[in-house]
Each structure stands twice: as C-alpha cells, then as structure tokens.
Amino acid sequence: MSNFQSSLKGKTGILTGGTSGFGFAMAKELLAQGVELMVFSADELTDASRDELKSAAKTDFEYHVQDVTAPGASESMVERTVARFGRLDFAIVNAGFAIRFEEPLLGLPPAKLEEAMRAQFAVFPIAFASLALAAARVMAPRYETIAPDANGHRPDSGAVVVTLSEASLCPLRDDLLAYAAAKHASLSVMESLAAVLGPKNIRVNGIAPGFANTAGPRKFYDRFPNIRADIEAKTHLRPAFIDPGAVVPAVIHLLTDNYVTGQVIALDGGYHIELKRYFQDS
Ligand SMILES: NC(=O)c1ccc[n+]([C@@H]2O[C@H](COP(=O)([O-])OP(=O)(O)OC[C@H]3O[C@@H](n4cnc5c(N)ncnc54)[C@H](OP(=O)(O)O)[C@@H]3O)[C@@H](O)[C@H]2O)c1
C-alpha cells in the first residue's frame, strides 16, 4: 500500500443491489477485505447467498430490503448505516434492471415508452444522485478536514462508485433505448457530482461493465441468438460476456485511490471502442 492509496480495512460502506450479479461479487470481496457493509436490494437475500456472504466476511454486514426508488430511500439508507456502524466512508450505487423492448421502436405504444423511461430514470440517475448526495452530506465533514501529507496529497478520501454500463459510453441497440438514455444520464450525474464533491475530498467514479454472463441476460440472449452473435463479434477480448467478479478489482481501485475522480473504467472487452469505430467508418 503506497501513501497514495488508502486501505479498505475498517471502512464502512453502502452497497445497493447486492443479491446477485455484479453487486453480489462486490459484496463478497469487500466483506473479505474487512469492510463493514450495509447492503440494500429490492428483495430478500436467499439463505444460500447469505451463507456465502457470511463465510466470506471478516467483519459485520447487514442486509436490508429497500427499493432504492422509494421516497426517502437514500436518506433512510444513510441514516441506518450511520446508526449501525457510526460512520460512512463510501457508497456503491449499483442496483437496477434493464428494460428491453421486444417490438420495433416505431411500433412501440407511447405509454409503454414513457413508463419505461420513467422507471429507468428513477432507478438509475435519480436514485444515484439522491444516494450520492445523501452519503456526501455525512462524509464531507470527515473527509474535507483530512490534512495533506508531506507530498501535499490527502492520505484518505470519501468515495462514490456507480455501476454505469457500456450503454453510458456509446449508442446501444433499439431494444435498450430507455436503459441507454438513463445510463447516459447517470454518466452526466457522475461527472457533475465529481466536480461538486471534489473540493469536499469525495471522489465520484464509475465502472462501465459490458454484457454480463448472468442468468437474466443469458435467458434473453438464448432467445435472441443474433444479438448474442453481434456482441461476440464486436467484443475484442474474451470472454465476450463478463463474469460479474471481473469488475471487482476496478471497484476496489476506485474506492482506495485518492486522486481519481470523474472517471469511468470500461470493463467491456473493447465493445464500446468497436462501436465508436463502427460509427466512424459508416
Ligand atoms: N447485466 C448486464 O449485462 C449489465 C451490463 C452493464 C451494467 N449493468 C448494471 O449492473 C448493475 C447490476 O446489475 P446486474 O447485471 O448485476 O443485475 P442483477 O443480477 O439483476 O442485479 C441487480 C440488483 O439490483 C437490485 N435492484 C433492482 N432494482 C432495485 C430497486 N428498485 N431497489 C433496490 N434494488 C434493486 C436487485 O435486487 P433484487 O434481486 O433483490 O431484486 C439486484 O440485487 C445495474 O446497474 C445494471 O444496469 C448490467
């Protein structure tokens, strides 16, 4: 550990969307690294998942059912964390779901489009901005007063990490119109909050995973093998579908480095680079 990186040990964080996929992989590793964690998701954790987290954990964690889009959810998650652990050092804003349209966009009923847009904006940029700001209100008094070391660098910082998507970085397929719009908006929120919270010594960064090799997406791609083949063709690295655990080192880097803010680490095997090249060429 260099002077420019802080330790996760002894830190307390919030993680949303921890029952499966990326969030579960993050929870498991953070608990193994000695973080005190409050995990919030829409539904109950299964007994098997709870046992898996418990056996990985070196420290305490609590799991709560919480819809992140409910009124007052962000303040409540922060208050419960501080009440339980007495402090807050980071928030990982990960919860969410993708709405996929199965009809051509020109044939989409307007009410269906509007409902999808509202749902995706509620769960992504609105819930993100709300939780990041609620967390920052608690983190700021602690982190803005941390004195610089001999190099002029502060040896510790508060952190917010948001799970974005390759959909934040490039145009995506029609079926993901509402999802991609909301993920682009989350990128904008991330950059704005990085600028606002930087002076408070709180960093705001994101990860942008590619398509996941998890049960939900797998079912979808089984039904649409042409889409699977297109993703495979446009992804440079292998596998074309990311294992959820593969995002964890990037998340840990963004939680512990003290000088990176307003950045996105793309973990998509080159998919968005290929799409940029595709649109430049066409
Ligand atoms: N899968 C992909 O291909 C992909 C690619 C790029 C980015 N992402 C992003 O990665 C993040 C995690 O998704 P995942 O792929 O890991 O999917 P996942 O396995 O379905 O996990 C989603 C998590 O979010 C929770 N959640 C959903 N809506 C919620 C709400 N309103 N309030 C609280 N919790 C809620 C779910 O809780 P319950 O299980 O309790 O309902 C679950 O824990 C999302 O932001 C997603 O957009 C996914």
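The values are calculated or read from the model by the stated rules, or taken from the named source; none is laboratory data. These numbers come from a predicted model, not from an experiment. Here the Cβ is made from the backbone with ideal geometry for all residues, glycine too, and neighbour counts use every protein chain on show.
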Determine the pairs where a residue that is in contact (Cβ under 8 Å) with a residue 24 or more places away in the chain, located within region 208-236, has a partner that is loosely packed, with under 15 Cβ neighbours inside 10 Å and part of a helix (DSSP H, G or I) with Cβ atoms under 8 Å apart, the partner being 6 or more residues away or on another chain.
Lys234/Tyr278
List the residue pairs whose Cβ atoms are under 9 Å apart, where the first residue sits in region 123-139 and is without any contact (Cβ under 8 Å) to a residue 60 or more places away in the chain, the second is of a type in the set (Ser, Thr, Tyr) and in a helix (DSSP H, G or I), and the two are 6 or more positions apart or on different chains.
Ser130/Ser74
Quick check, is Val161 within 16 Å of the ligand (Cβ to nearest atom), closer than 25 Å to Phe4 by Cβ and either at pLDDT 95 or above or in contact with a Pro (Cβ under 8 Å, 6 or more places away or on another chain) (or both)?
yes
In region 200-259, the residues that are part of a helix (DSSP H, G or I), closer than 22 Å to Gly18 by Cβ and not hydrophobic (A, V, I, L, M, F, W, C)
Gly216, Pro217, Arg218, Lys219, Pro244, Gly245, Pro249, His253, Thr256
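Select the strands (runs of 3 or more DSSP E) contained entirely in region 1-67, then report the ones holding at least 2 residues which are within 13 Å of the ligand (Cβ to nearest atom) and surrounded by 22 or more Cβ atoms within 10 Å (Cβ to Cβ). Break it down into steps so the answer makes sense when it comes.
Values: elements: 12-16, 36-41, 61-65.
The qualifying strands (runs of 3 or more DSSP E) are 12-16, 36-41.
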